[in-house]
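The values are calculated or read from the model by the stated rules, or taken from the named source; none is laboratory data. What you see is a predicted model; the values in this text were computed from it and never measured. As a convention, Cβ positions derive from the backbone with ideal geometry for all residues, glycine included, and neighbour counts pool all protein chains shown.
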Amino acid sequence: MLSALSRFFFIVCLAFIAAYIALINWGQIVAIASGIAILAIPLVYSYINLARLRKYVLADSVESMPLPSGFWEEVFFRLQRLVRNLKQQVRVIEQQHDRFIEAFQASPNGIVMLDDQDQIEWCNAIAERFFGLNFKRDAMQRINFLIRRPEFVQYLNRRQFEEPLLLERMSSDGNLSLMLQAFPFGDKRHLLLIQDVTDLQKADAMRRDFVANVSHEMRTPITVLMGFLETVQSLDLEKSQRDQYFDMMMSQAQRMKSLVEDLLTLANLESNTLPAPMQAVQITTMMALLKNDAEALSQGRHALNFESTTSCTLLGDERELLSAFSNLVSNAIRYTPDIGSINASWSVNPQGQGEFSVTDTGPGISPEHLPRLTERFYRVDRSRSRDTGGTGLGLAIVKHIASRHQAQLIIESTPGRGSTFILRFPKERVSE
């Protein structure tokens with residue numbers, strides 16, 4: 001401040017001295033002109049610097065403006081430093097904003113920011129996909145105008161956001177189950193979180209179906225056993241009749257035992273997601289065991305053919321592989337009418353993949369049933385499956401064993417012309 005006043009007084013004194021000298025030598029007019037000229041010099045200089053400042057301000061490049069000399073140097077220097085600091089702060093804020101946006105976009109959940117009028121201030125791509133929104137188009141639109149489900153509108157208007165809302169809707173990805181919940185923040189604003197719980201809902205439905213199916217499967221043999229026991233207790237039966245009833249009860253008990261064993265096997269397979277160990281399993285020995293079991297189950301009612309085109313070793317869990325192969329063979333025998341034929345074979349295809357296939361001459365399976373055959377308790381013909389002693393879990397077990405061995409289960413069938421079940425193993429698990 002003192003420096004500026006000193007400069008001002010120096011210029012004023014210089015103007016008076018010049019005017020006095022001119023007055024003595026050239027007269028009053030020249031003196032006044034000289035004084036005004038000297039006083040005008042800093043004004044012109046200031047105007048020039050202000051014009052330069054205006055130019056750089058309009059170009060948003062104040063920080064790159066060359067510094068003038070004199071009094072304006074310090075002003076321009078401080079202004080440049082202030083602008084640089086402000087721009088640095090703006091860049092930091094923008095970077096933080098971009099990181100927050102990237103984090104919200106990376107979230108697997110939908111996020112919608114609503115103002116105090118429930119207008120959309122921002123939403124991420126997941127929320128756009130869930131509800132068919134477009135942020136550029138729908139910004140500052142009331143969300144209840146865009147999502148018009150009555151339950152959602154009621155949830156929004158009630159303003160009781162302690163509990164989430166489950167919303168079922170159709171989308172391009174199929175049926176979606178969405179869990180929504182609004183969280184207040186800021187000045188009467190709300191953050192709407194949307195979570196895709198479709199898989200959880202499906203798992204819950206599968207659990208309920210599983211419990212219902214097990215209960216249903218167990219109810220029938222238990223009811224039969226209780227009926228036979230009541231008959232034996234209340235009536236004086238001949239030995240032949242008692243023996244017949246005991247045989248029937250044994251059959252039902254064996255059915256329950258098979259069901260429990262299959263359930264335990266399936267539970268163990270589902271709980272173990274690791275790949276099967278690479279233990280050597282001799283295919284020749286495996287085929288001989290399968291043939292013996294098949295002959296015992298068929299009791300001469302079918303034409304059985306077991307063949308192996310190559311004597312190689314399959315790397316995997318022997319107990320699991322025997323269970324999978326046995327399930328395929330026993331299913332073929334159960335569902336193939338008497339005097340039908342079953343062919344089980346092992347081969348290695350040109351790609352080096354091992355293939356175990358079972359072909360029967362049974363009634364075949366309609367195409368609409370094929371995708372669901374590996375579901376637990378799914379049966380094409382429920383009454384026939386029970387008559388043949390099936391538990392409805394065999395192919396589900398085969399599917400899990402195949403998954404643990406990185407194998408494919410391929411099902412080919414034509415109604416009236418039989419079926420073929422193929423387990424195709426990767427070449428890494430086949431050793432010549």
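Between residues in the stretch 306-332 that are free of Cβ contacts under 8 Å to residues at least 24 places away in the same chain and closer than 10 Å to Ile283 by Cβ and residues that are buried (at least 22 other Cβ atoms within 10 Å of the Cβ) and among the acidic types (Asp, Glu), which pairs lie under 6 Å by C-beta distance while being six or more apart or on different chains?
As it stands, the answer is none, since no pair meets every condition given.
Looking at (1) farther than 24 Å from Arg376 by Cα; (2) part of a helix (DSSP H, G or I), which is the only condition Leu297 fails?
All conditions pass for Leu297, except number (1).
What is the residue count in the stretch 17-36 for residues that are surrounded by fewer than 14 Cβ atoms within 10 Å (Cβ to Cβ) and assigned to a helix (DSSP H, G or I)?
Result for the stretch 17-36: 9.
If only one of Ala324, Ala344, Ala332 is crowded, with 19+ Cβ neighbours inside 10 Å and within 34 Å of the chain's Cα centre (by Cα), which one is it?
Going through Ala324, Ala344, Ala332 in turn, the sole match is Ala324.
Report, by residue number, each residue of the stretch 256-271 that is free of Cβ contacts under 8 Å to residues at least 12 places away in the same chain and under 12 Å from Gly394 (Cβ atoms).
The answer is Glu261, and nothing else.
Is it fair to say Ala125 is closer than 30 Å to Leu193 by Cα, free of Cβ contacts under 8 Å to residues at least 40 places away in the same chain and out of contact with any strand residue (DSSP E or B) (no Cβ under 7 Å at 6 or more places or on another chain)?
yes
For (1) surrounded by 12 or more Cβ atoms within 10 Å (Cβ to Cβ); (2) under 22 Å from Leu176 (Cα atoms), each residue gets a yes or a no:
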position	(1), (2)
Val92	no, no
Gln105	no, yes
Cys123	yes, yes
Arg129	yes, yes
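Pull up the stretch 401-424, narrow it to residues that are touching a residue at least 24 places away in the same chain (Cβ under 8 Å) and in a loop (DSSP other than H, G, I, E, B), then point me to the one that is nearest to Thr361 (Cα to Cα).
Checking each candidate, the answer is Gly418.
Could you look through the stretch 107-116, keep only residues that are touching a residue at least 60 places away in the same chain (Cβ under 8 Å) and under 23 Å from Val197 (Cα atoms), and pick out the one that is surrounded by the fewest Cβ atoms within 10 Å (Cβ to Cβ)?
Once the filter is applied, the top-ranked residue is Pro108.
Checking the condition of a type in the set (S, T, N, Q), out of contact with any strand residue (DSSP E or B) (no Cβ under 8 Å at 6 or more places or on another chain), surrounded by 12 or more Cβ atoms within 10 Å (Cβ to Cβ) and more than 26 Å from Glu432 (Cβ to Cβ), which residue from Thr265, Thr273 passes?
Exactly one residue qualifies, and that residue is Thr265.
Out of curiosity, is Ile194 within 30 Å of Phe104 (Cα to Cα), of a type in the set (A, V, I, L, M, F, W, C) and not assigned by TED's automatic domain parsing to the domain that holds Gly392?
Taking the combined requirement at face value, the residue satisfies it.
What tally of residues in the stretch 144-155 results from selecting those that are surrounded by 14 or more Cβ atoms within 10 Å (Cβ to Cβ) and not polar (S, T, N, Q)?
6
Which is surrounded by 13 or more Cβ atoms within 10 Å (Cβ to Cβ) and at pLDDT below 75, of Leu5, Leu39?
Testing whether each residue is surrounded by 13 or more Cβ atoms within 10 Å (Cβ to Cβ) and at pLDDT below 75 leaves just Leu39.
Yes/no per residue for (1) surrounded by 10 or more Cβ atoms within 10 Å (Cβ to Cβ); (2) without any contact (Cβ under 8 Å) to a residue 60 or more places away in the chain; (3) of a type in the set (Asp, Glu); (4) over 27 Å from Asp199 (Cβ atoms):
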site	(1), (2), (3), (4)
Ser69	no, yes, no, yes
Leu82	yes, yes, no, yes
Asp98	yes, yes, yes, yes
Asp118	yes, no, yes, yes
Arg142	yes, yes, no, yes
Gln160	no, yes, no, yes
